[in-house]
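Rule-based calculations on the coordinates, nothing more; no lab input. Just so you know, these numbers come straight off a predicted model, no measurement behind them. Backbone-built Cβ (ideal geometry, glycine too); neighbour counts: all protein chains shown.
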Amino acid sequence: MLNTLIVGASGYTGAELAAYLQQHPHVNLSRLMVSAQSADAGKYFSELHPQYRGLVDLPLEPMVDVAKAAENIDIVFLATAHEVSHDIAPVFLEQGCVVFDLSGAYRVQNKHFYQQYYGFEHKNTDWLSQAVYGLAEWNADIISQAQLIAVPGCYPTVSQLSLKPLVEAGLLDTAQWPVINATSGVSGAGRKASLTSSFCEVSLQPYGVFTHRHQPEIATHLGIDVIFTPHLGNFARGILATITCKLKAGVTQENVRQVFEDAYQDKPLVRVYEKGLPALKAVVGTAFCDIGFAQQGEHLIVVGVEDNLLKGAAAQAVQCMNIRFGFAETESLI
């Protein structure tokens, strides 16, 4: 059994992680921790998330000494703010833990990216250079050998899963940048109360136009430029991405279908639609990403959907853990 710690366990993603890990046959969910300054420190997990009463009744311990928290721990999941992950991940790594970081602190191996898009100077460049990007369906070989896995963002996961087969097969006319319009439920903003993400205040609207930090993450790992516009919707959870792109001359619908089938035929958490387009209700509450497409001549529209808290965060982190330790990829996820 692998002793496992979740840091940042009071939030929505931390709760989903705890739910998956408590039922995992090879994991001992040893400790749950939050910031020492958190108002949730000292409470029990099931007080905040009563649906897990009797299943996960661990206390939310305040993190005071990071090195001490690492004692007797094999695996650490960081569901923490980017700056926090930046600071504490190296301590856990130096203690020999395998770290799955769900923040953006180690996703792009360019230290200047962090100053521009996250507003802090990245000082752990040695670990940044060793971090592996945890897009599970595409990076399994390197995930299986990594000590630090940077779990992709929710928008980047659905966007890349929807586009990467086309990019890798060379089917796109990249002179016309793919346009990604994606809408997320309000849980993507986290559990902390905010007027801008309050369910009653949110009206469907775009944000971060041309400035959102997930655009360079997507572009970097796809290897092509994209236009990415996120939207916030007044629903609880899920992401739907509608992606418009241009195919090279002569690419047929059968060519497109074949590259998706070849990419995901042995990937159990990605479901490609033979006809029709997916809707959020197909994936909310599950670990799946569903993908469908429609084509007219050289114009292609791809639609991808996922649960932002699951395939876009917690489920993909657990999927990466399963790959890293040689377990069945869907263990505890299906």
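All Cα-Cα separations within the range 154-308 were binned at 5 Å from zero, giving a P(r) of 2, 10, 19, 22, 20, 14, 8, 4, 2, 0, 0, each value a whole percent of the pairs. Only Cα pairs under 8 Å and 6+ residues apart enter the sum, and on that basis the relative contact order of the chain stands at 17 percent. Checking the cross-link pairs K123/K164; K43/K311; K246/K311; K164/K275; K43/K68 against a 24 Å limit on the alpha carbon distance flags K123/K164; K43/K311; K246/K311 as lying beyond it.
Quick check: Cα centre of the range 255-296 to Cα centre of the range 1-53, how many Å? Result: 31 Å between the Cα centres.
Sorted by mean Cβ packing within 10 Å, highest first, what order do the peptides 87-93, 65-71, 159-165, 135-141 take?
Working: 87-93: 20.9, 65-71: 14.3, 159-165: 25.3, 135-141: 18.7.
Ranked by mean Cβ neighbours within 10 Å, highest first: 159-165, 87-93, 135-141, 65-71.
Over the chain, the hull volume per residue, using the convex hull of the C-alpha atoms, is 131 Å³. Summary of packing: across the peptides 248-254, 231-237, the per-residue average of other C-beta atoms within 10 Å ranks them, highest first, as 231-237, 248-254.
Label the range 2-130 by shape, choosing from rounded, prolate and oblate, from the square roots a ≥ b ≥ c of the eigenvalues of the Cα gyration tensor; if a/c is under 1.5 it is rounded, and otherwise prolate applies when a/b is larger than b/c, oblate when it is not. Prolate.
Looking at the chain only, what percent of DSSP beta bridges run antiparallel? Nearest 5 please.
Numbers: 26 of 58 bridges.
Around 45 percent of the beta bridges assigned by DSSP in the chain are antiparallel ones.
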